[in-house]
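The values are calculated or read from the model by the stated rules, or taken from the named source; none is laboratory data. Just so we're clear, the structure is a prediction, and the values are computed from it rather than from any experiment. Because the Cβ atoms are built from the backbone with ideal geometry, glycine has one as well, and the counts that use them run over all protein chains shown.
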Amino acid sequence: MEIPGAFLLTGGALLALSVTLLALLWLEWRRRRRAERSTAEMQSQLQTVTATMREGVIAYDMERNLSFINPAFERLTGYPADDLREQEFLHHIHHEDRPAILAEWDRLGQGGALRDQEYRVITRAGQVRWCSSSWEPMRDESGRQIGYLGTEFDITERKLGEEAMRLDTELFQAVLELQQAVSAAGLDSETVMRVIAERIQTLTGASGAVIEALDGEDLVPTVHVGTDAPRLKLNASLSGLCVRSGELQRCDDTLADTRNPHEPYRQLGIRSILVVPLKDEHRTLGVLKVVSPEAHAFTDRDVKALRLLGGLMGAALSNAASFEGRQNRLEDRTRALQDSEQRFKQLVDVAQEGIWVADDRGIITYVNKRLADLLGYGNGSLLGRPVYDFIEAESRSGAQRTLSRKASPGHNQDLRFRRRDGTQLWGLVSSSPILGKDGALVGTVGMVTDITERKRAEDQLRRSADRLAMLHDMDQAILAARSPAEIGRAAMGRIRRMVPSQRCTVTLFDFARGEAELIAGYKGGVQMGAVPLPLGEFSPAAVLQRGSMRYLEDLTAMEDLPPILRHLRAEGLRSVLSVPLLVDGEVIGEINIGSSTPSAYEPEHRDIASEVATPLAIAIQHARLRQELARQTGELERKLGERSAALRAATAEIETLLYSVSHDLRAPLRHLIGFSRMLLDDHGRDLEPGALHYAERINQAAGSMATLVDDLIGLSRIGRRDLLRRAVGLTTLVEDVVDRLRSTTDGRVIDWQIEELPTVECDPALTTIAITHLLANAVKFTRPRERATIRVRPVEVDGQAGLQVEDNGVGFKMAYVGKLFGMFQRLHRPDEFEGNGAGLAVVQRIALLHGGRVWAESEPDAGARFYLTLGSREAGKRVGGEAGKGDIEETQQTNSGDDARG
Amino acid sequence: MTALPTRLPAYPPTTDVLLVEDNPLDAELALRPLRELSPGSIIEVARDGEEALDFLLGRGGWRHRLGAPLPRLVLLDLTLPRLDGMEVLRGVRANARTRLTPVVVLTSSTDPRQLSQCYQAGANSCIQKPVGYDEFWAAIQTVGRYWLVFNQSPPAAAPPVT
């Protein structure tokens, strides 16, 4: 599009320039004319000058005859000069514009000038061209006007540009109007389309405009103005092609178009069609079409207009559609919301919970049916009243805190409500604040669940739990073996919590002695100490011993009370519950509970009291029995201790005696042996056989006594010190003993078979002694055998380790086995075998000290088996032996490394 | 019982053995093996502790022994009336003159404490008196043989300055 402003300016400038130039030329011409005084010269000069000008120059005389034309003018009009001369005045000018020029011509005739007259010229070829002309009167030297000179400037392009611009402006205007209309139409698609269709029709000068919407395979006319609009097929129409290609389609003559049959349009007499697709962001919605019965009716300008409006419409429609969509959705949602509200209301109404809604002051604005029922009011009477009105006084502060709280919704609370009839309702209230847009509290919604029953059940449960706990306490007390007083205190503590009482006591009766003792109790919350009371203060013994519960509802209403009850009455107690403590049907005491309220004790309290009484009685009885037992046990232990001490002392004495006697016997024995020997040695020859015989007997006897005394000393030594326990390898020990016995076995054939023996924890010295005795015996009693076999084997019996000594000696009868280990008991005559029977006694003593045993098996002439065990294998244990005090010499022995025990 | 050569001291006849024993029977029993061992030995018997010390230290009834050579062996029974064997032993060891004299203690007891005391008091040896006759005989003779024949007696101490 040309810029008309610049164009104008340039045109104007050029024009002005050319006019000026002309004027100058004319002046020059006038000068020359003066000089030459020739019209022809003038004309030819004029011709020369104007021959090369682009502008058309024309001159008329006063008679309106053409007097001069330049070639440019000829070109401009398309007529040769001659034709123009023959033409009518202003014939070349468009008939519509002539009047205007003519009107101005008069001025020219009066010597005025015309400037920038614009008019159309019809060229010989029939073309319309725009000209801008300026006219000047022509004068001779005298100044007499002789004609008019005009220059014509072809401004067709400029005009067309202006026209185009005007059209664009029109279009732009139309678009604006359209948008306004669209806005005014309120985005109603139908109206928008209609508006667009009308506008485009106007803009393009079409006979009709149609908007077709794509519907599957068809294009359906949604809006049409000025023409019928048939339904078209997507693949059989220009519209269809437009949609498919997404491009503007143009048909300048339906009759001549080979692309499409254009059947319906032909029938409608439509010759020109312009169609443009309507798109939104994603797809083609339809088409905008203009039609005309004239062929080639639509210009590029129309195309432009159509494109513009088509695009605009596409966007508008899209918006409209989505708006409509939104609108629909909004409607749907609103409907849904309304439905939901309705349902909610229904739900709320039939909910199990009571629901209220209150404003920020706590005034009820809504209650559901349930809440109304719960509180015993009709629906209406609750509205407008504060919630607190229905909440019991003690719950109110808690409620207020909750209901004015903005934070933490969903806070649960137990509140007590008052019904219309005055009864109470326990409600579990869950309330949430309702907050406004700015976060301010605008109200609350509360949900109330009836928990009256639950509360009752909870109370019940708690009471039951308490009762159980109390019984458990009683049992614990029994197990803990406390004194009766402690048990009583525990029971009273529990009772106080569960049964109303200003005073509760446990009293034990001793009917035999006519005494009673209050062992525990509480008076006004303070513990009472144990107090002995005479039985006479109580109800008569007969009553007490009946063993039944007694409930006195009001002391003040009774006469003839026993002293104790009189005291209680004086203290202000009114009702008393007495529960006997029974053990095996015998009354051992009672619990007394007193209250300052008359008839204070419900059946439940009585149940609780008797529930306590049973285990309490048992517990007290147990405690007493235990005490008795402890006492007796103590007594026994004391006696036992005394006896043990006495026993130990006696044993010690005996041992000491034994030792000292044995010791003291040694010297005279030595003498006896010595002198009898000397007698025999020195004077045996001189003695008569009888005397000799006696001397020999004396000597023999002395020798026996020596052996005896040695054994006694050995025996007495055994218990005198503590038993050492050390790991002793028995094999080695036995071998040592065998070695030591060799001197007694000289000349004999003895087959020693010593097996691997265990290592035992024992006293090495004592064990050596024991084994020595056993082996010495084996050696002795196998003497008659040509080949003696003595075998030593390990044994383990009852967890005790030890050994067995088996010989092939003379053996003994098992009938005498009991005597075997007796002190000084012998199973053989002195002429059979020497010995005094102390050896095995010693072995037994040693075995017993170790916690072991010694026993034997034998058959006459079939050898014997002796078993010795030395206690269980426990490491590092020192067993205090029955240590005697030792002989006088050894009493000073305190630091020898052994503890002085015993 | 072979008689071994006895060495006679270079001095004038001197007591070889002092037997301190209160019991005459024990004394008699002890003398026989000693005499059999060394028939030429001079054996003196003290009947109690005081007498023993008087003899050794040259005082009391034995004043005239003051300065006399000491016995080559003292056989000391512990159980003595009045002044007992331990006291005698201590007394002997306390005196400069008799300090080195060999003393063999004869006892019936096997009490380790008593044994320890004896040695601490300065006994050269402790023998338990066996009950059996043969054993007793052997014990006495062994002791005698050892101390009188094998042992080198300590040189006689300088006579005390009186």
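Looking at (1) modelled with pLDDT under 85; (2) more than 14 Å from chain B (Cβ to nearest Cβ), which is the one condition that is false for A:S858?
Evaluating A:S858 over (1) modelled with pLDDT under 85; (2) more than 14 Å from chain B (Cβ to nearest Cβ) leaves (1) as the failure.
Within the range B:43-75, how many residues are touching a residue at least 60 places away in the same chain (Cβ under 8 Å) and under 11 Å from the mean Cα position of the chain (by Cα)?
4
Of the numbered conditions (1) under 16 Å from the mean Cα position of the chain (by Cα); (2) more than 15 Å from B:V17 (Cα to Cα); (3) within 14 Å of chain A (Cβ to nearest Cβ); (4) touching a residue at least 24 places away in the same chain (Cβ under 8 Å), B:R97 satisfies every one except a single condition; which is it?
(3)
Name, by its number, the condition in (1) surrounded by 17 or more Cβ atoms within 10 Å (Cβ to Cβ); (2) within 14 Å of another protein chain (Cβ to nearest Cβ) that does not hold for B:D84.
Only one criterion in (1) surrounded by 17 or more Cβ atoms within 10 Å (Cβ to Cβ); (2) within 14 Å of another protein chain (Cβ to nearest Cβ) is unmet by B:D84, namely (1).
Criterion first (in contact with a strand residue (DSSP E or B) (Cβ under 7 Å, 6 or more places away or on another chain), outside any helix (DSSP H, G or I) and within 24 Å of A:E834 (Cβ to Cβ)) does A:E761 satisfy it?
For A:E761, the condition - in contact with a strand residue (DSSP E or B) (Cβ under 7 Å, 6 or more places away or on another chain), outside any helix (DSSP H, G or I) and within 24 Å of A:E834 (Cβ to Cβ) - is not met.
Answer yes or no: is there a residue in the range B:107-123 that is crowded, with 16+ Cβ neighbours inside 10 Å and closer than 23 Å to B:R35 by Cα.
Within the range B:107-123 (the criterion being crowded, with 16+ Cβ neighbours inside 10 Å and closer than 23 Å to B:R35 by Cα), the answer is yes, since at least one residue qualifies.
In the list A:L715, A:L741, A:L708, which residue meets the criterion of being surrounded by 15 or more Cβ atoms within 10 Å (Cβ to Cβ), in a helix (DSSP H, G or I) and within 12 Å of another protein chain (Cβ to nearest Cβ)?
After ruling out the rest, the residue left standing is A:L708.
Yes/no per residue for (1) outside any strand (DSSP E or B); (2) surrounded by 15 or more Cβ atoms within 10 Å (Cβ to Cβ); (3) in contact with a Leu (Cβ under 8 Å, 6 or more places away or on another chain); (4) modelled with pLDDT under 75:
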position	(1), (2), (3), (4)
A:Q173	yes, no, no, no
A:V192	yes, yes, yes, yes
A:E198	yes, yes, no, no
A:Q201	yes, yes, no, no
A:L214	no, yes, yes, no
A:L219	no, yes, yes, no
A:T222	no, yes, no, no
A:T227	yes, yes, yes, no
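So the check is Cβ under 8 Å with 6+ separation or different chains; which pairs have a first residue in the range A:241-258 that's assigned to a strand (DSSP E or B) and a second one that's among the hydroxyl-bearing types (S, T, Y)?
A:Q249/A:S239; A:C251/A:S272
Answer yes if at least one residue in the range B:142-150 is within 14 Å of chain A (Cβ to nearest Cβ), of a type in the set (S, T, Y) and more than 12 Å from the chain's Cα centre (by Cα), and no otherwise. Write out each step before concluding.
Taking the range B:142-150 as the starting set, the residues that turn out to be within 14 Å of chain A (Cβ to nearest Cβ) are none.
Within the range B:142-150 (the criterion being within 14 Å of chain A (Cβ to nearest Cβ), of a type in the set (S, T, Y) and more than 12 Å from the chain's Cα centre (by Cα)), the answer is no, since none of the residues qualifies.
Within the range A:294-301, can one find any residue that is aliphatic (A, V, I, L, M) and part of a helix (DSSP H, G or I)?
No, the range A:294-301 contains no residue that is aliphatic (A, V, I, L, M) and part of a helix (DSSP H, G or I).
Tell me, yes or no, whether the range A:651-658 has at least one residue that is part of a helix (DSSP H, G or I), modelled with pLDDT under 85 and within 14 Å of chain B (Cβ to nearest Cβ). Can you show your working first?
First, pick out the residues of the range A:651-658 that are part of a helix (DSSP H, G or I): A:651-658.
Among the residues that remain, those that are also modelled with pLDDT under 85 are: A:651-658.
With within 14 Å of chain B (Cβ to nearest Cβ) added as a condition, the list becomes A:656.
Yes, some residue in the range A:651-658 is part of a helix (DSSP H, G or I), modelled with pLDDT under 85 and within 14 Å of chain B (Cβ to nearest Cβ).
How many of the residues making up the range A:691-705 are more than 11 Å from chain B (Cβ to nearest Cβ) and among the small types (G, A, S)?
Residues meeting the conditions: 4.
Looking only at the range A:830-849, which residues are touching a residue at least 60 places away in the same chain (Cβ under 8 Å) and touching a strand residue (DSSP E or B) at 6+ places or on another chain (Cβ under 7 Å)?
Matches in the range A:830-849: A:V843, A:A847.
Does A:E655 satisfy the criteria of being surrounded by 13 or more Cβ atoms within 10 Å (Cβ to Cβ), over 60 Å from the mean Cα position of the chain (by Cα) and acidic (D, E)?
Criteria met by A:E655.
Assess whether A:S501 counts as being modelled with pLDDT of 80 or more and touching a helix residue (DSSP H, G or I) at 6+ places or on another chain (Cβ under 9 Å).
So A:S501 fits the description; yes.
Among (1) within 30 Å of A:R550 (Cα to Cα); (2) touching a Ser or Thr at 6+ places or on another chain (Cβ under 7 Å), which single condition is A:L712 missing?
Every condition holds for A:L712 apart from (1).
Between a residue in the range A:500-521 that is in a loop (DSSP other than H, G, I, E, B) and any residue that is acidic (D, E), which pairs come within a Cβ distance under 9 Å, given they are 6 or more apart or on different chains?
As it stands, the answer is A:Q502/A:E571, since those pairs meet every condition given.
For A:V579, indicate whether it is modelled with pLDDT of 90 or more and either surrounded by 15 or more Cβ atoms within 10 Å (Cβ to Cβ) or under 22 Å from A:F511 (Cβ atoms) (or both).
Answer is yes for this residue.
Give A:L555, A:L535 a once-over and let me know the one that is farther than 27 Å from A:R497 by Cβ, hydrophobic (A, V, I, L, M, F, W, C) and crowded, with 16+ Cβ neighbours inside 10 Å. Break it down stepwise before answering.
Values: A:L555 fails: farther than 27 Å from A:R497 by Cβ.
From the options A:L555, A:L535, the qualifying one is A:L535.
So which residues in the range B:100-129 are more than 11 Å from B:D77 (Cβ to Cβ) and at the interface with chain A (Cβ under 10 Å from one of its Cβ atoms), if there are any at all?
Result: B:S109, B:T110, B:D111, B:P112, B:R113, B:Q114, B:Q128.
Going residue by residue through the range B:140-158, is there one that turns out to be modelled with pLDDT of 90 or more, among the small types (G, A, S) and in contact with a helix residue (DSSP H, G or I) (Cβ under 8 Å, 6 or more places away or on another chain)?
yes
For the range A:661-684, does any single residue satisfy the condition of being touching a residue at least 60 places away in the same chain (Cβ under 8 Å), within 14 Å of another protein chain (Cβ to nearest Cβ) and within 22 Å of A:S716 (Cα to Cα)?
Taking every residue of the range A:661-684 in turn, at least one turns out to be touching a residue at least 60 places away in the same chain (Cβ under 8 Å), within 14 Å of another protein chain (Cβ to nearest Cβ) and within 22 Å of A:S716 (Cα to Cα).
What about A:R75, is it surrounded by 15 or more Cβ atoms within 10 Å (Cβ to Cβ) and of a type in the set (K, R)?
Judged against the criteria, A:R75 is not a match.
How many residues are touching a strand residue (DSSP E or B) at 6+ places or on another chain (Cβ under 9 Å) and either within 14 Å of another protein chain (Cβ to nearest Cβ) or surrounded by fewer than 17 Cβ atoms within 10 Å (Cβ to Cβ) (or both) if we restrict to the range B:25-43?
Residues meeting the conditions: 7.
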